[in-house]
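The values are calculated or read from the model by the stated rules, or taken from the named source; none is laboratory data. Everything quoted here is computed from the prediction, not taken from an experiment. Counting neighbours? That spans all protein chains shown, and the Cβs are built from the backbone with ideal geometry, glycine included. The protein model used for the area step is the full one, side chains on, heavy atoms only, and it has no ligands, DNA or RNA in it. Shrake-Rupley method; radii C 1.70, N 1.55, O 1.52, S 1.80 Å.
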Amino acid sequence: MIPVYNEVDIIKESLTHLINQGIEPVVLDNGSTDGTYEICQKLLEKGEIKLEQYVSNKFEWATTLRKLYDMALLEYPDWVIHSDADEFLESYDNNVDLKNAILQVDSEGYNLIQFNVI
C-alpha cells in the first residue's frame with residue numbers, strides 16, 4: 001500500500017523497485033499535480049500496479065489508510081505492506097527477493113515484519 005502526493009521525482013523508481021522485488025503495489029494518489037498520477041497510470045496500463053485517485057482539500061491520514069487498505073483487500077492478499085514513495089524495502093538476504101523473504105517468514109509462523117533502517 002503506497003500513498004502518494006506529488007512524488008514525481010521518485011515514484012517510478014520506487015514502484016519499479018517493488019515490482020522487481022515481486023510485490024504488487026496498490027497506489028492511492030491524493031490529487032498530485034506534478035505528474036505523479038500520470039506516471040502511475042502508465043504502470044497501471046501495463047498491469048503492474050493497482051491505482052486510484054482520491055482528491056481532498058486536506059490531508060486525512062485515517063481516510064487515506066482506510067482507502068488503501070480497502071483497495072489492497074480487493075486483491076485477497078496474504079500480507080499487506082505499507083510503504084512510502086521514498087522507501088525502498090528489501091529482503092534480509094540479497095539472494096532472495098522481498099516477496100520470497102515474506103513467504104519464508106510467513107512459513108515460519110510470523111505475522112509481522114519490522115523493517116529497520118539504521
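Tabulated data for the structure shown
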item: Rounded to the nearest 10 Å², the accessible area of Val55 at probe 1.4 Å; result: 110 Å²
item: Reachable lysines, given that their alpha-carbon falls under 16 Å from the alpha-carbon of Lys42 and they are not under 8 places away in the same chain; result: Lys12, Lys50
item: Taking the chain and dividing mean pair separation by its residue count, relative contact order in percent (alpha carbons under 8 Å, at least six apart); result: 32 percent
item: Kirkwood Rh and Cα Rg combined as Rg/Rh, region 45-101; result: 1.02
item: Long-range amide H partners of Glu90 with built H, under 5 Å; result: none
item: Residue-level accessible surface for Phe115, protein heavy atoms, 1.4 Å, Å²; result: 70 Å²
item: Cβ charges +1 (Lys, Arg) and -1 (Asp, Glu), total dipole of the chain, debye; result: 280 debye
item: Value of [θ]222 nm, deg cm²/dmol, for the chain, DSSP H segments ≥ 4, -39500 (n - 2.57) each, nearest 500; result: -11000 deg cm²/dmol
item: Projected label distance in nm at Asn6 and Glu52, using a 7 Å step from Cα toward the beta-carbon; result: 2.4 nm
item: Cα coordinate range in region 23-118, projected on the principal axes (Å, largest first); result: 43, 31, 28
item: D_trans [Stokes-Einstein, Kirkwood Rh over alpha-carbon pairs] for region 15-66, 25 °C, 0.890 mPa s, µm² s⁻¹; result: 207 µm²/s
item: In region 56-110, trypsin sites (Lys or Arg not before Pro) in a DSSP loop with at most 12 other beta-carbon atoms within 10 Å; result: Lys58
